[in-house]
Amino acid sequence: RKSTVIITGASSGVGLQAAKALANRGQWHVIMACRDLVKAEKAAQSVGIPANSYTLMHIDLGSLESVRQFVNNFRATGRSLEALVCNAAIYMPLIKEPLFSPEGYELTVTTNHLGHFLLCNLMLPDLQKSPAADKRLVILGTVTHNPDELGGKIPPRPDLGKFEGFAAGFQNPICMINGKQFEPVKAYKDSKVCNVLTMRELHNRYHESTGITFSSLYPGCVATTALFRNHYPLFQKLFPIFQKYITGGFVTEELSGERVAMVVADPEYKQSGIYWSWGNRQKEGRESFVQKVSPQARDDEKGKMMWELSAQLVGLG
Ligand code: NDP
């Protein structure tokens, strides 16, 4: 029998290619957890994922209610769960005013962090229940979470502060984790720091007792994905060229998906609490390595605060 992997945001980019790469391995059935099922079905067909190796299921990570509904729907399939990949994300660099989730929380942090935080917590018992010897939970990171790295130096830098915004309830007009003024690029970076903190806290809290492998990765700069759809058209045109010829960071969508599949399935990636990278500058045949995460993302006190406050905001506290 095949193992089951859930991939959020599998309707485009890295997630779609990760779904394809895992389906092609033959031992995986992929649950493509997407907000637009028509688009997801077209995407799956367009890259040739074999029809009997995936199932589409609805999730809107920008709505906590939808995340809970997804978990119920997944359980109703009766499948066991061997791997969960938290991949979906939004990046809205040009908006001037924040958008809000149905619960009233800023939408970038809700989609990228709070929705996945709730999903991870709700799905842990499902991963635990599976009799498989190798179970993994993988959360996508990014170099821009880390100002210590070249790709993370461009302002605005992420800053979770002391979680003043979360502590104050994170409701309009509060829309940043540190309670300060709205900055959409920073909201994205903050959410990705929370993704790495969530992976590390999951590891600290649950790796030893459950044996589940928790990890993150930076798949490389995948400059062609729809992540940049909300940027200026000129940026969308020049960014891939810049990454390809100037920084050397460019990675194809296929390769980024293959990297996710490796972290989900290959024996050498069965190491918990790890953040994998292939570096900022891509070289042919480059091997992955364990990358040190940013000062904020390796701060255990911040991890605990993030956990407790996020749990309250998503209704687990
Ligand atoms: P894409 O925009 O191509 O894919 C994002 C996916 O998330 C899409 O399937 C999108 O669905 C889905 N999504 C967005 N909002 C929601 C929601 N509310 N509910 C459910 N699904 C949603 O981006 P990438 O493939 O580039 O990004 C994937 C991951 O990789 C992200 O976590 C990103 O941070 C990370 N990453 C990307 C890098 C890059 O250079 N591109 C570099 C480093 C990390 P829909 O198709 O309906 O829009």
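The values are calculated or read from the model by the stated rules, or taken from the named source; none is laboratory data. Just so it is clear, the structure is predicted and the values come from calculations on it, not from any experiment. Every residue, glycine as well, gets a Cβ built from its backbone with ideal geometry; the counts of neighbours run over all protein chains shown.
Note down all Cβ pairs under 7 Å where the first residue falls in region 131-144 and is over 15 Å from residue 264 (Cβ atoms), the second is within 16 Å of the ligand (Cβ to nearest atom) and of a type in the set (Lys, Arg), and they're at least six residues apart or on different chains.
Correct list of pairs: 142/192; 144/189; 144/192.
Mind telling me which of the residues 163, 170 ends up being within 24 Å of residue 64 (Cβ to Cβ) and surrounded by fewer than 24 Cβ atoms within 10 Å (Cβ to Cβ)?
163
Only one of (1) within 23 Å of residue 316 (Cα to Cα); (2) in contact (Cβ under 8 Å) with a residue 24 or more places away in the chain; (3) surrounded by fewer than 20 Cβ atoms within 10 Å (Cβ to Cβ); (4) within 15 Å of the ligand (Cβ to nearest atom) fails for residue 89. Which number is that?
All conditions pass for residue 89, except number (3).
Take the residues of region 180-221 that are of a type in the set (Phe, Trp, Tyr) and under 21 Å from residue 289 (Cα atoms): which is surrounded by the most Cβ atoms within 10 Å (Cβ to Cβ)?
For region 180-221, the residue satisfying everything is 218.
Considering only region 129-137, I want to know if a residue exists there that is in contact with a strand residue (DSSP E or B) (Cβ under 6 Å, 6 or more places away or on another chain) and within 16 Å of the ligand (Cβ to nearest atom).
Yes, that holds for at least one residue.
Yes/no matrix, rows are residues, columns are (1) assigned to a helix (DSSP H, G or I); (2) out of contact with any Ser or Thr (no Cβ under 6 Å at 6 or more places or on another chain); (3) closer than 30 Å to residue 83 by Cα:
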| residue | (1), (2), (3) |
| --- | --- |
| 155 | no, yes, no |
| 158 | no, yes, yes |
| 171 | no, yes, no |
| 179 | no, yes, no |
| 190 | yes, yes, yes |
| 195 | yes, yes, yes |
| 199 | yes, no, yes |
| 204 | yes, yes, yes |
| 208 | yes, yes, yes |
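Conditions tested, residue by residue: (1) under 25 Å from residue 220 (Cα atoms); (2) within 11 Å of the ligand (Cβ to nearest atom); (3) modelled with pLDDT of 95 or more.
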residue: 113; (1), (2), (3): yes, yes, yes
residue: 144; (1), (2), (3): yes, yes, no
residue: 159; (1), (2), (3): yes, no, yes
residue: 168; (1), (2), (3): no, no, yes
residue: 171; (1), (2), (3): no, no, yes
residue: 180; (1), (2), (3): no, no, yes
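Working carefully through the options 234, 227, 122, find the one that is over 27 Å from residue 278 (Cβ atoms), within 16 Å of the ligand (Cβ to nearest atom) and not in a strand (DSSP E or B).
Among 234, 227, 122, only 122 is over 27 Å from residue 278 (Cβ atoms), within 16 Å of the ligand (Cβ to nearest atom) and not in a strand (DSSP E or B).
Which condition number does residue 259 fail, the rest of (1) surrounded by fewer than 21 Cβ atoms within 10 Å (Cβ to Cβ); (2) within 15 Å of the ligand (Cβ to nearest atom) being met?
(1) is the only condition that residue 259 fails.
Could you give every pair whose Cβ atoms fall below 7 Å, whose first residue belongs to region 42-69 and is farther than 30 Å from residue 313 by Cβ, and whose second residue is basic (Lys, Arg), counting only separations of at least 6 or pairs across chains?
Once the first residue is farther than 30 Å from residue 313 by Cβ and sits in region 42-69, its partners that are basic (Lys, Arg) give 47/20; 49/20.
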